[in-house]
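Since the structure comes first, as C-alpha cells, the remarks are kept for the end.
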Amino acid sequence: MPAATVEIDQQELARRAHADLAKRARGGIFIYLVAWLILTLPTQVHATEPDFFYLNTAILALIMLSRLAHFFADKFNPSLPVSLRRTWLVTTILTGALHWGLMCFWILTHDGFRHIEFYLIASAAVLGIAGTAALSIAREIRILFPLFMLMPTTIAYLYRHESDDWILASMVVLALVYVIGTARTTGRDYWQSIENELLAAQRAIEMEKLSITDQLTQLNNRSFFDLRFSEEWSRGCRQGSTLSLLMVDLDRFKRLNDTYGHVFGDVCLQRVAEVLRREVKRESDLVARYGGEEFVVLLPDTDAAGARRVGEILRQAIDCIDIEHGDEIIRLTASVGGASCRPERTTAAAALLKRADDALYRAKAAGRNRYEAATEPEIREAQAG
C-alpha cells in the first residue's frame, strides 16, 4: 500500500505525545521544592532571610500542588481535552523553571546569600540541563525551559560587573546554546519515531482491513464471514441462543451483465451493498459478500420471525433501487432465503448455511423477488444427514 494512502491520526498523535510528556515530567513534581529545602534549611536561610525563604517555599509548594492536580486529572479525568491538559502541564513546568531562574537572579544581585550562591547556581545548571533533556519532546519546553532556568543567571552576572563574572556569563550562554541544540535533535528524533510508530500501526490496521474486506463492495469478504460464522455458532452452542442466516442473491444478474456490461454489474453490486449496510443496523450483525452476486447476513440472537422481518426489509429496500443506464432506468430485485436454529455441538454449522441456500433457490423457483425460509424440521433433517 502506498504510504500516501495512510494518514496519521493527529488526535492520537497528540494524546500519545502528551502521555509521554506527562510521564517524563513526573519526576519534577516534587524535585524543585525538595531541592529548595535541601539548599536552604541546612544553610539557615529560613533564619537569616525568613521573608525570602517562606515566600519562595510557598510559591514552589503551589507549583507542586498544580503539578499534582494535573497528574490526578490525567489519571482520573481522561475526558478532559488533551490540548487543555497539555497547556496546563507545560505552563506549570515553565512557571517552575522561571521561578527558579528568578530566584538565582535575586540571590546573585543581593547581599546575604553568598553562602548558598554556588549551590543554587549549580542546582539551576543541573535542573536546567536534566529537565530540558527529559522534556525535549515539547518544542516550547526545550526552548523556554533552559532559557527561563539559566538566562536570569547570565543577566545577573552581567549586572554585577564583578571579576570573572563575564567568564561565568559566557559559560552559561555556551551551555544554553549546547543544551537547546541537543534538545532540538532529541525532540526531532522523538517525533520522527512516534510518527513512524503510529504510521506503522495505521498501516497494519489498513492491511488487516484489506484482508477481510471485499474491494468492490467494501463489505466484509467470505473469509471473514466464515470466521464470524464459526464464532457465533460456538457461542450459540454455549449459550443456547438462536442463530439466523440470510442468503441474498440478485435476480437475473447474469442477464444484466450480458446486456449492460460488467461495469454496470459492478455498480449494481455496489448499490446493493450500500442498501444492505444501511438496513442491517445492529452492531452484532454481519453483512458480507459471499461470492458473485450473492450476499450473506449473519443475525446472532435472532429467531425465525426476526430473520423474516430483516429479510423482507432487505428485499423491499433492494426492490426500490433504480439505476440509470443511458435513457433507461434499471430496477433491481433480489431473492432472499433464511434459516434459523439453536446451534448444537453435535451438529455442523454448514447445515444452517445449506438450508438458507436451499431456501434461496426455492425463492428463485417461486418467481424471484421474494423471501423463503427453511423450517426447523428441514434444518434438523440436514443436521442429522
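Residue 74 fulfils the conditions (1) surrounded by fewer than 16 Cβ atoms within 10 Å (Cβ to Cβ); (2) more than 29 Å from residue 176 (Cα to Cα) except for a single criterion, (1). Could you tell me whether residue 218 is at negative phi and either in contact (Cβ under 8 Å) with a residue 24 or more places away in the chain or out of contact with any helix residue (DSSP H, G or I) (no Cβ under 9 Å at 6 or more places or on another chain) (or both)? In short, no.
For segment 1-86, the helices (runs of 4 or more DSSP H) that sit wholly inside it and include 1 or more residues that are in contact with a Gly (Cβ under 6 Å, 6 or more places away or on another chain) and modelled with pLDDT of 95 or more are 50-76.
With the requirement that a residue be surrounded by fewer than 17 Cβ atoms within 10 Å (Cβ to Cβ) and within 19 Å of residue 44 (Cα to Cα), what does segment 89-108 give you? Scanning segment 89-108 gives a single hit, 106. Number of residues in segment 224-238 that are free of Cβ contacts under 8 Å to residues at least 60 places away in the same chain and loosely packed, with under 12 Cβ neighbours inside 10 Å: the value is 1.
Of all residues in segment 136-169, those satisfying the criterion of being surrounded by 13 or more Cβ atoms within 10 Å (Cβ to Cβ) and of a type in the set (Ser, Thr, Tyr) are 136, 153, 154, 157, 159.
Considering segment 40-66, and only residues there that are crowded, with 17+ Cβ neighbours inside 10 Å and in contact (Cβ under 8 Å) with a residue 40 or more places away in the chain, the residue that is nearest to residue 89 (Cα to Cα) turns out to be 59. Cβ-Cβ contacts under 9 Å between residues 6 or more apart (or on different chains), taken from a first residue in segment 171-192 that is over 20 Å from residue 154 (Cβ atoms) to a second residue that is among the acidic types (Asp, Glu), are listed as 190/20. Check segment 132-140 and report whether any residue there is hydrophobic (A, V, I, L, M, F, W, C) and within 15 Å of residue 32 (Cβ to Cβ). Yes, segment 132-140 contains at least one residue that is hydrophobic (A, V, I, L, M, F, W, C) and within 15 Å of residue 32 (Cβ to Cβ). If the condition is being surrounded by fewer than 16 Cβ atoms within 10 Å (Cβ to Cβ) and within 16 Å of the chain's Cα centre (by Cα), then segment 179-201 contributes 195, 196, 197, 200, 201. Residue 346 passes every criterion in (1) among the polar types (S, T, N, Q); (2) buried (at least 21 other Cβ atoms within 10 Å of the Cβ); (3) closer than 22 Å to residue 233 by Cβ apart from (2). Specify which of the listed residues (132, 92) is at negative phi, at pLDDT 95 or above and not hydrophobic (A, V, I, L, M, F, W, C). Going through 132, 92 in turn, the sole match is 92. A single entry from 135, 144, 98 fulfils the requirement of being touching a Lys or Arg at 6+ places or on another chain (Cβ under 7 Å) and in the same structural domain as residue 32 (by TED's automatic domain parsing): 135.
The values are calculated or read from the model by the stated rules, or taken from the named source; none is laboratory data. Quick caveat: nothing in here was measured; it's all calculated off a predicted structure. Counting neighbours? That spans all protein chains shown, and the Cβs are built from the backbone with ideal geometry, glycine included.
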